[in-house]
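Each value in this text was obtained by applying a stated rule to the coordinates, not by laboratory testing. Just so you know, these numbers come straight off a predicted model, no measurement behind them. No Cβ is skipped: glycine too gets one built from the backbone with ideal geometry, and neighbour counts run over all protein chains shown.
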Amino acid sequence: MVPMIDSHLHGIEAVPDNYSDYGELKRMVSCVAKADEWDRQLAIDDPRMIKSYGIHPWYAEDWTLENKKRLFDILTNDPAAQVGEIGMDNKRGQILGQTMVFIQQLDLAEHFNRVVSVHDIGCEKMVLESLRGRKLKAIILHSYGSDSYLKPYSELECYFSISPRLLSRSDIRVKRLMDAIPEDRLLLETDSPNCGKEFSGMRDFAERLGNIIGRPADELLSLAEQNLGRIFG
């Protein structure tokens, strides 16, 4: 059986019933959205889980001096802790406030040389400029779907994490995006528990994606597992 990974989920939430092969995952990257979720994630005891901590752009108002210090302390005390889900979103919230919160969390990730999981809706140019010139362990672009910015993100050695949401697009658009993603930068995720209406498991997702682009599901699963291993060792 080919090892499976999930490069972005929310482990503090209940596993949805349609995630049939959750128990088969080799590794998963668990992100949080708000500061009041950090303690719940800290308490999870699952050796497969790579834990990330941060403030989602929807909750930028959570970013206080107290929470900034708390995140600093978490990263200090746990060398395996990463940073996420952070980013920007022009569909919800105030961009000015989100930008400040995003940059300050990137500063912490850079200081500790950690991986960042980035949420980006409609703010590709601003996110790109915020990432340029930084020395980060790795950048995972959560639920990626932008054809236009794939090349400049590739130049920053970002990893492109594909979620089942992509399957809502036409097969032509899915194939065009997938063909453009470098093989050594491809990751697969669910964003569990927000997996998408037709999601029934990671292997099923890989099979459906593979059918569209003409590649075996096991090949996609293996690539994603190898790439996540390259990030985290």
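If you stretched the chain out fully between Arg40 and Glu155, how much longer would it get, using 0.36 nm times the residue separation minus the C-alpha to C-alpha distance?
Stretched fully, the Arg40-Glu155 segment lengthens by 37.8 nm.
Dipole magnitude of the stretch 71-119 about its Cα centre, charges +1 at Lys/Arg Cβ and -1 at Asp/Glu Cβ only, in debye to the nearest 20?
Using only the charged Cβ atoms, the result is roughly 220 debye.
Could you please rank His10, His56, placing first whichever residue has the fewest other Cβ atoms within 10 Å of its Cβ?
His10, His56
If we count other beta carbons within 10 Å of each Cβ, what is the order of Arg203, Arg92, fewest first?
Arranged by neighbour count, lowest to highest, Arg203, Arg92 become Arg92, Arg203.
Taking the structure as given and computing semi-axes √(5λ) of the Cα gyration tensor in Å, which label from (1) 38, 34, 14; (2) 35, 19, 15; (3) 27, 20, 16 fits?
(3)
Between the alpha-carbon centers of the stretch 152-230 and the stretch 47-88, tell me the distance in whole angstrom.
25
If amide H atoms are built 1.01 Å from N in the plane of the peptide, which residues on other chains or at least 5 residues away come under 5 Å of the amide H of Tyr159?
Ile139, Ile140, Leu141
Charges on Cβ only, +1 for Lys and Arg, -1 for Asp and Glu, centred on the Cα centroid of the stretch 4-232; of His142, Val127, Ser163, which one is farthest towards the dipole's positive end?
Val127
Between Asp73 and Val15, what length in nm is gained on full extension when 0.36 nm per residue of separation is reduced by their alpha carbon distance?
My answer for the length gained is 18.0 nm.
Please work out how many pairs of lysine residues in the chain are eight or more positions apart (or on different chains) and have Cα atoms closer than 23 angstrom.
Qualifying lysine pairs in the chain: 24.
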